[in-house]
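Visitor: I'd like to ask you about the structure that follows.
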Amino acid sequence: MDVAFIDDDETLRAANVQALMLAGFKVTAYPSAVEALEEIDAEFPGVVVTDVRMPRIDGLELFRRLRRRDEELPVILVTGHGDIGMAVEAMREGAYDFIAKPYALDRLLVAVRHALDKRRLVLENRALRRRAEAASPGEPLIGETPAMQRLRQTLRQIADADIDVLVEGETGSGKEVVAQTLHRWSPRASRPFVAVNCGALPENVIESELFGHDAGAFTGALKKRVGRVEHASGGTLFLDEIEAMSPALQVKMLRVLEAREITPLGTNEVRRVDIRVIAASKADLAELVRQGSFREDLYYRLHVAFVRIPPLRERREDVPLLFGHFLGRAAKRFRREPPLLDAAVRRHLDTHDWPGNVRELAHYAERFALGLASAPAPAAGEGATTLPERVDAFEALQIRDALAACQGDIQATLRTLGIPRKTLYDKLKRHGIDQSRFRPAGG
């Protein structure tokens, strides 16, 4: 159902229902608010259009009862001239719009279309939040696509097998999340998970970081240090960006994998270690082996089990779900209500390639939660929206940008935009923009 139309005047009700149906809407008519309240609930997918003057329960009381069921349900009030003051007060309470009699049909159709767009976005956002909340508890790898289902199944199959694992995935795809998941699902979960970024540690310190050293082993080594490998004993050692490891260090790491032994710098003592190694690479290690920049024997020693993380562009259907999860997390962190996704943001989520993968999407969600991120307007001729919709999207973007720059200060925003206060408030309501969300947390 698109529209619930309530009016006790049978002639007017029939005429308006016919006009709405001819415009392509699905309409259900009700002769009274009592009958409408029996069927309209919080999940009603459409818009309510109601006359104000009705017996028993009038349109204002109907609006207030519906608002208690769902404060985001769009209600359009049809009023006589004598009721305009009441309708304005109802809009302050949250009514979507009011139309004064007599009105042109186009005025009703435009109001209904805009209200339906808002309702669709509200319901989509709710569905996203529900799916994200349902997927989050105990499920760190969010996604419903077949690729993600296969990934989770593979991890469960190998988690409790005490074997080394090679993980390949692009930057930001979640390699460390996969490693942590394998550790948490394994019998080693109560022991340390130790992560080492091989590309972030300088060549002159990485050997000491990995294998440890005795006091006096080199200049500045004032006391004994336990290395990361030994510290991970009993648990899991995660070697990120292993493709950055030098050839000399690759030889030593091969020895560790084969013998499960280390020799700290400055000593001849051999120490046994009980570790599971998970190595991760953003490059194709097999190709690096062919190029001669990565040892073949180390590659095959790591390649006992292999996991490939699909990039976001290969599982676009998961993007809205992930965004909903990250947006909810960011809103909670910043102590703000999650903003609604508009059509432009939805288009950006659907069409952007996300080269930074999940990490890029998470950062975008954080900026969006703060009101600092807007989707770019579609290019001319793109055909994704009509010209009026593009104009509306551009206007909403300018208002959000001004509010963000002024930290939600209305006076400063008015000066920035150069429009009257009433005009700004009208546009805020039309675009569904809450200026309070742009104020600093706690302000």
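The values are calculated or read from the model by the stated rules, or taken from the named source; none is laboratory data. Just so we're clear, the structure is a prediction, and the values are computed from it rather than from any experiment. All Cβ positions, glycine included, derive from the backbone under ideal geometry; neighbour counts span all protein chains shown. These area figures cover heavy atoms from the full protein model, side chains too; ligands, DNA and RNA do not enter into them. Shrake-Rupley method; radii C 1.70, N 1.55, O 1.52, S 1.80 Å.
Visitor: For Ala23 and Leu109, calculate 0.36 nm times their separation in residues minus their Cα-Cα distance, and state this gained length in nm to one decimal.
Guide: Going from the current span to full extension adds 30.2 nm.
Visitor: For helix 387-405, report the angle its Cα long axis makes with the longest principal axis of the Cα atoms of the chain; keep it between 0 and 90° and round to the nearest 10°.
Guide: Helix 387-405 sits roughly 60 degrees off the main axis of the chain.
Visitor: OK, next. If you look for lysine pairs in the chain that are eight or more places apart or on different chains, how many of them have Cα atoms under 20 Å apart?
Guide: On the way: Lys26/Lys118; Lys118/Lys427; Lys118/Lys429; Lys175/Lys282.
Final tally of qualifying lysine pairs is 4.
Visitor: Given the alpha-carbon gyration tensor of the chain, what are the semi-axes of its equivalent ellipsoid in whole angstrom, ordered largest first, with each equal to the square root of 5 times an eigenvalue? Mind dumping the intermediate values first?
Guide: Details: eigenvalues 732, 101, 73 Å².
Over the Cα atoms of the chain, the ellipsoid semi-axes are 60, 22, 19 Å.
Visitor: Moving on to the next point. Could you please state, rounded to a whole Å, how far the C-alpha centre of segment 310-346 is from the C-alpha centre of segment 1-78?
Guide: 33
Visitor: Right, next: With a point put 7 Å past each Cα toward its Cβ, work out how far Glu176 is from Arg346 in nm, to one decimal.
Guide: It is 3.5 nm.
Visitor: Tell me, what is the FRET efficiency for Gln411 and Val304 to the nearest 0.05, using R0 = 45 angstrom and their Cβ-Cβ distance as r? Mind dumping the intermediate values first?
Guide: Values: r = 65 Å, r/R0 = 1.44.
Efficiency, from the Cβ-Cβ distance: 0.10.
Visitor: I would also like to ask the following. I'd like the Karplus ³J(HN,Hα) series for segment 66-71: coefficients 6.51, -1.76, 1.60, θ = phi - 60°, whole numbers in Hz, and an x wherever there's a Gly or Pro.
Guide: Those phi angles translate into 5, 5, 5, 6, 7, 5 Hz.
Visitor: Further, regarding this structure: Taking the full set of protein chains and a 1.4 angstrom probe, give the accessible area of Leu265 in square angstrom, rounded to the nearest 10.
Guide: Accessible surface of Leu265 is approximately 50 Å².
Visitor: Report the FRET efficiency, 1/(1 + (r/R0)^6), for Ile84 and Arg152, where r is their Cβ-Cβ distance and R0 is 56 Å, rounded to 0.05.
Guide: On the way: r = 57 Å, r/R0 = 1.03.
In this case the efficiency is close to 0.45.
Visitor: Quick one: which residues, 5+ away or cross-chain, put their amide H under 5 Å from the amide H of Val47? H built at 1.01 Å from N.
Guide: For Val47, whose amide H was placed from the backbone, the distant partners under 5 Å are Val3, Ala4.
Visitor: Right, next: Give, in nm to one decimal, the length gained when the segment between Arg359 and Glu287 is fully stretched (0.36 nm per residue of separation minus the Cα-Cα distance). Before the final figure, lay out each step's value.
Guide: Working: separation 72, 0.36 × 72 = 25.92 nm, distance 2.54 nm.
That works out to 23.4 nm of additional length.
Visitor: Continuing with the same structure: If packing is taken as the average count of other Cβ atoms within 10 Å, what order do 180-188, 410-418 fall into, highest mean first?
Guide: Details: 180-188: 18.6, 410-418: 14.3.
Result, highest mean first: 180-188, 410-418.
Visitor: I need the calculated FRET efficiency for the pair Glu296 and Phe334, taking r as the beta carbon distance and R₀ as 60 Å, to the nearest 0.05. Let's see the in-between values first.
Guide: Numbers: r = 49 Å, r/R0 = 0.81.
Using R0 = 60 Å, I get an efficiency of 0.80.
Visitor: Additional query: Using modelled backbone amide H atoms (1.01 Å from N, in-plane), which distant-in-sequence or interchain residues come within less than 5 Å of Ala100's amide H?
Guide: HN-HN under 5 Å from Ala100: Thr79.
Visitor: Let me ask something additional. Ranked from the most accessible area to the least, with a 1.4 Å probe and all protein chains present, what is the order of Thr351, Thr50?
Guide: On the way: Thr351 90, Thr50 0 Å².
Result of the area sort, largest leading: Thr351, Thr50.
Visitor: Then there is this: Per residue of the chain, what 222 nm ellipticity follows from adding -39500 (n - 2.57) for every DSSP H run with n ≥ 4, rounded to the nearest 500? Numbers along the way, then the final one.
Guide: On the way: 18 runs with 212 residues, N = 443.
The helix contribution divided over the chain gives -15000 deg cm²/dmol.
Visitor: Another question, if that's okay. Restricting to Cα pairs below 8 Å that are 6+ residues apart, what does the relative contact order work out to for segment 1-103? Please round to a whole percent. Don't skip to the answer; put the middle values down first.
Guide: On the way: 166 pairs, mean separation 24.6, N = 103.
24 percent.
Visitor: Output the 0 to 90 degree angle, nearest 10, between the alpha-carbon long axis of helix 319-334 and the longest principal axis computed from the alpha carbons of the chain.
Guide: 90
Visitor: Modelled label-to-label distance, Ala248 and Glu43, 7 Å Cα→beta-carbon offset: nm?
Guide: Going by the 7 Å Cα→Cβ label model, 6.6 nm.
Visitor: In sequence order, what are the phi-derived ³J(HN,Hα) couplings for segment 19-36 according to the Karplus relation 6.51 cos²θ - 1.76 cosθ + 1.60 with θ = phi - 60°, rounded to whole Hz, with x for glycine and proline?
Guide: Here the 3J(HN,Hα) series is 5, 5, 5, 5, 7, x, 8, 8, 10, 10, 9, 10, x, 8, 5, 4, 5, 5 Hz.
Visitor: Taking the simple approach of a point 7 Å from Cα along Cα-to-Cβ for both Arg126 and Arg67, what is their distance in nm?
Guide: Distance between the two pseudo-spin positions: 1.7 nm.
Visitor: Can you work out the accessible area per residue across the chain, with the rest of the protein chains kept in place, probe 1.4 Å, in square angstrom? Working shown, then result.
Guide: Working: 21850 Å² over 443 residues.
For the chain, the per-residue accessible area is 49 Å².
Visitor: Right, something else. How high is the relative contact order of the chain? Use alpha-carbon pairs under 8 Å, at least six apart in sequence, and give a whole percent. Working shown, then result.
Guide: On the way: 673 pairs, mean separation 54.4, N = 443.
Computed value for the chain: 12 percent relative contact order.
Visitor: Further, regarding this structure: Quantify, in whole percent, the carbon and sulfur part of the accessible surface of the chain (1.4 Å probe; protein heavy atoms only).
Guide: About 51 percent, which is the carbon plus sulfur part of the accessible surface.
Visitor: Mind listing the phi-derived Karplus ³J(HN,Hα) values for segment 355-360, rounded to whole Hz, using 6.51, -1.76 and 1.60 with θ = phi - 60°, and x for any glycine or proline?
Guide: These are the phi-based 3J(HN,Hα) values: x, x, 6, 4, 4, 5 Hz.
Visitor: Hey, what angle do you get for helix 421-431 against the long axis of the chain, alpha-carbon based, 0 to 90 degrees rounded to 10?
Guide: That works out to roughly 70 degrees.
Visitor: Give me, ordered by chain and number, the residues 5 or more places off Lys224 or on other chains with an amide H under 5 Å from its own placed amide H.
Guide: Those lying under 5 Å, H to H, from Lys224 are Ala215.
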